[in-house]
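Data first, discussion second: the structure below is written as structure tokens.
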Amino acid sequence: MENRFGIKDLVLLLLLVVLIVSVWLAMQQYDRQWSELRAIRSTLDEQGQSIRSLRDRPAGVAQVVTTTQASVATTAEMTDPFVRIRAAEAKPGFARGDWLVDSFGNTVGKLTPLVSSDAYASLVQSYVLETLADRDPDTLEWRPLLASSWRTIDNIAAYDAFVDTKKKAGATEEQIAKDKDLPSAIQIVFKLRPGARFSDGTPVTADDVVFSYSFPMDEKINAPRARAYLSRFRSVEKTGPDEVTFSFAEPYFEAFELAASLSILPKHFYEKFPAEDFNASVGYLLGSGPYRLENAKSWKPGTLIQLVRNENYWGVTPAFERLVWKEIPSDIAELASFRNGDTDAFSAMPEQYREMIKDASLISRTRQFEYQNPVGGYRYVAWNQKKEDGKPSRFADKRVRQALTMLIDRDRLIQEILLGYGVQATGPFNPLSKQYNPDVKPWPFDVARAKALLKEAGFEDRNNDGVIESADGMPFEFKLTFPGGNANYERMALSFKDSFARAGIVLKPDPLDWSVMVERLNKKNFEAISLGWTAGIESDVFQMFHSSQAVADGDNFMSYKNDELDKLILDARRTLDETKRMEMWRRVHEILADDLPYTFLSFGKSLVFVDKRIDNIGLTKVGLNPRVEWFVPGPQQRWTK
Amino acid sequence: MLSYILRRILLLFPTLIGITMVVFFVMALSPGRVTDSLQASEANMRPEERQRIEAYLKKRYGLGDPLVVQYGRWLNRVSPVGFKEAGEGFPRSTTIGFKTPDLGESFIRRRPVLDIILEALPVTLLLNLITIPIVYVVSITSGIWAARKRGQAFDVTSGVVLLALYSMPEIWIGVMVLGFFASRDYLQWFPTSGTHDVLAAQMAFLPVFVDGVFHRGWLLDAVWHLILPIIVMTYGSFAFMSKLMRSSVLENLTADYARTARAKGLTEHVVLFRHVLSNSVLPLITVAASILPGLLGGAVIVESIFGLNGMGKLMLEAIKTKDQELILSQTFVVGIIGLGSLIVADICYAIADPRVSYE
């Protein structure tokens, strides 16, 4: 008989394949069951632990009772960080429950703090980890969180005296900085809040705060970024059972902010991991915050990112039961998901926003927020004042920079590229910040005046070819570098090209790949470059505009120098008194608006859509109010019934 | 035959070294340093701080050494035979011997490369293991039918339709498909992205009816999420294989042995399916070999649009962030498998076609 592969064999083969596939699927299902079982077991373990600690507590309850009576007087002084959440709870229709589903525009690699490297991971960690203090969204005052109180010891006079004597004796700045006898210019002593605890029940102690500093400072931990930030502290020491002292080597106005924004990590959890294991880990996240990972150790990239409410939270728990983030890398898919109602919040680009507000059904299902973000950043064009050979370039003349600024129609730019969703920038400070000087007027769009200024600076059309030349006949041509692949930057460059051509200046757009651009920037190998900076509630412009930062890799990449500004910036950084400091920043704003090392372009507005069922969303001085204050009224809850 | 196989396997090594050397040097000599891609998230750092980070990374990953040394070090780490610490591998006491290859650690993601690749591989494999049979089955059947009815309605229309599908770019079709089939404004038949629903963890495995309401279940949910990506991946590939099959079948239908079979009195049906078919499939075997590396390279466009974390998207991100170790290791892995599959395809061809022999 012939040994042919016939229909019967095909059917048998297919059956075999189906059998193998079902076995594989069954194994998959077993795996799912297994991970569910493990999750159940770890929850039971945790509950067992809390029951045990509750049982052991009655002996200590009496002590607790007596101490609370004694400290009643001081508790009144402690500001309640949960005032706003309590106010939300008092609102009509308040109900706990439901999930908040948001999206990230990229996949998240790691959630472990210190070794994670993207903004998304930081966002997730901000719900799980807490700091010693945070800012009230409305008053911007610092309010105690894990700390209950603090005091600042101002040693600047002693510091200055010491530095002076050493300088007179001939020591260099580096030697002085390393001198052990150098008194710390500023010391901040924090008292920890009694009763604060991590989500597994362990209390937050001074040891945890010190650990949060010493752990990343260990070179074996792969956290160079955290180390760079933490080296601004001179030391962090436990100086009492519930007290920690932060010492700073130099007087710096941001000292308190740096100390207060240190995320407190649980020592008992993280010290168990060997350094290499911690470095390679992806999902070790445990903290004292209002949300926690279901299992503090087992998150893997690719699985859904979700935080569950910490029912063991030491403070007032928020309304949402779960925070979920979907990872949607494609912006089209992200917008489609939001439109379908699969996600609850969406930040739109101006073009998307303009289309979306025309959609009536979308408008009826969502709340729209269009606001000036107080911590939003600005766009600018930087003019390099040095040529490659080190000699001053054309842009070293202030009049040229002013003329070029007057040639850019910033209002039109905002209308056409930001579609009206933005305001003109007159300086590096956000219009909503106290550093902003309202008396500084923006430069007008005035081609005639610009041409006159250029002529004054020696540039005019000497040979009638439509292009202006300098005294030695060099035509005014330059390249404008910007990040390539971005439609907005490209349109902006073309619009500049057009405006400059009217004054006889030739602009050549030079789009570059990001890493190439960064390298050229660091080597200062550019003529003019257009970029953006982010801002903060109070931004320190030392890096961008102080002449000492005009070194290689420094952020003063246009080699700008103004002695009055230099002194003013250094003074402002040292001044701890806010009123005096703000006056100095406002003067800085004035100087920069006149000198124009950058042509400041615009601050964009934030455009956010949120699903309509979510209540209690409002605008505060830091943007939208924190999500822990949002809630969904009972009948409208979607994910939990 | 055996000597042929051995020769091919031995040729693998210089080819791999060549591939990885070119990739390494192109990356190393291109502008931009490793830390530049980390700059975006560190815009507010002072230069001393940035320099400190760079110094640390240089020390940790040996980035300060000359390029040839860096490449040599990587090669040594990846190969199962090389210089090793005494006390590891086999034999234990010597410094040269067999050792476990180590694919290294990604600087940007700060995780072992092997873990990253092992996470991305199943998604890509799944997508391709579903795509390839579909493409093959559809192409073979349409190719055969077009050859049988040459010049008639089916042949002409299938040719035009498949070619039209081939000409439509994936980038555009992916977005169109999302916009029309996954959007509330038109037909919302499919989900927009990802491999599982938000509630997937709580679903039962198989579909069930609970109180008259149909619950998809985990299995069906996963399938439902894959339908659109598979459609976008397969539609363009039919044309090529179908035309190949068609021409191969046509060639064999007019061959001498087919004429003899008809002369013997066999029906056209028997001639086609018993004799001609097995000979016509041969070109498709060779084509299969070249599909396999693409399989592991991944379908970058589909993965990016639908948010599936496969090898293609991994490679793209690694290149964007200049993640040296990840790029090299992925090239290496894809290179081995690609070259290996070429060898396997050649052997399969020798088995399938007794006229072919390698001596």
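A:L230 passes every criterion in (1) surrounded by fewer than 22 Cβ atoms within 10 Å (Cβ to Cβ); (2) more than 30 Å from A:A572 (Cβ to Cβ); (3) within 14 Å of chain B (Cβ to nearest Cβ) apart from (2). Exactly one residue out of B:I301, B:I327, B:I305 is farther than 22 Å from B:P169 by Cβ, within 14 Å of another protein chain (Cβ to nearest Cβ) and surrounded by 18 or more Cβ atoms within 10 Å (Cβ to Cβ), and it is B:I327.
The residue of region A:43-65 that is nearest to A:A296 (Cα to Cα), among those that are of a type in the set (G, A, S) and modelled with pLDDT under 80, is A:S50. Taking region A:179-228 as the range and being assigned to a helix (DSSP H, G or I) and in contact (Cβ under 8 Å) with a residue 24 or more places away in the chain as the test, the residues that pass are A:A206, A:D207, A:D208, A:V209, A:V210, A:F211, A:S212, A:Y213, A:F215, A:P216, A:R225, A:A226. Looking across region A:127-147, the residues that are hydroxyl-bearing (S, T, Y) and either under 14 Å from A:A259 (Cα atoms) or in contact with a Gly (Cβ under 8 Å, 6 or more places away or on another chain) (or both) come down to A:Y127, A:T131. Applying the criterion of at least 3 residues that are hydrophobic (A, V, I, L, M, F, W, C) and in the same structural domain as A:T245 (by TED's automatic domain parsing) to the strands (runs of 3 or more DSSP E) found wholly in region A:102-178 leaves A:147-154. Determine, yes or no, whether B:Y257 is of a type in the set (F, W, Y), within 14 Å of chain A (Cβ to nearest Cβ) and in contact with a helix residue (DSSP H, G or I) (Cβ under 8 Å, 6 or more places away or on another chain). Here the answer is no, as B:Y257 does not meet what is asked. Pairs are defined by a Cβ separation below 6 Å, a sequence spacing of at least 6 or placement on different chains, a first member in region B:90-109 that is within 14 Å of another protein chain (Cβ to nearest Cβ), and a second member that is among the acidic types (D, E); the pairs so defined are B:G104/B:E325; B:S106/B:D323; B:S106/B:E325; B:I108/B:D323.
Residue count for region A:279-297, restricted to those that are away from chain B (no Cβ under 13 Å) and not hydrophobic (A, V, I, L, M, F, W, C): 7. Being touching a residue at least 40 places away in the same chain (Cβ under 8 Å), in contact with a Ser or Thr (Cβ under 7 Å, 6 or more places away or on another chain) and closer than 30 Å to A:G341 by Cα is a property that A:P137 has.
Conditions first: (1) among the hydroxyl-bearing types (S, T, Y); (2) more than 12 Å from chain A (Cβ to nearest Cβ); (3) within 29 Å of B:G312 (Cβ to Cβ). B:S158 passes all but one, so which condition is the exception? Result: B:S158 passes all but (3). When restricted to residues that are out of contact with any helix residue (DSSP H, G or I) (no Cβ under 7 Å at 6 or more places or on another chain) and away from chain B (no Cβ under 14 Å), region A:301-319 contains 8. Out of all the residues in region B:279-296, is one or more more than 24 Å from B:L339 (Cα to Cα) and surrounded by fewer than 21 Cβ atoms within 10 Å (Cβ to Cβ)? The answer is yes, given that some residue of region B:279-296 is more than 24 Å from B:L339 (Cα to Cα) and surrounded by fewer than 21 Cβ atoms within 10 Å (Cβ to Cβ).
Against the conditions (1) part of a helix (DSSP H, G or I); (2) in contact (Cβ under 8 Å) with a residue 60 or more places away in the chain; (3) not acidic (D, E), B:R150 satisfies every one except (1).
Within region A:99-124, the set of residues being out of contact with any strand residue (DSSP E or B) (no Cβ under 8 Å at 6 or more places or on another chain), in contact (Cβ under 8 Å) with a residue 40 or more places away in the chain and either small (G, A, S) or more than 24 Å from A:A147 (Cα to Cα) (or both) comprises A:G105, A:V115, A:S117.
Taking the conditions exactly as written (under 25 Å from A:I7 (Cβ atoms) and within 31 Å of the chain's Cα centre (by Cα)), does B:V223 satisfy them or not? No; evaluated as a whole, the condition is false for this residue.
The values are calculated or read from the model by the stated rules, or taken from the named source; none is laboratory data. Small disclaimer: the values here were computed from a predicted structure and weren't measured. Using ideal geometry, Cβ is built from the backbone for each residue, glycine included, and neighbour counts are taken over all protein chains shown.
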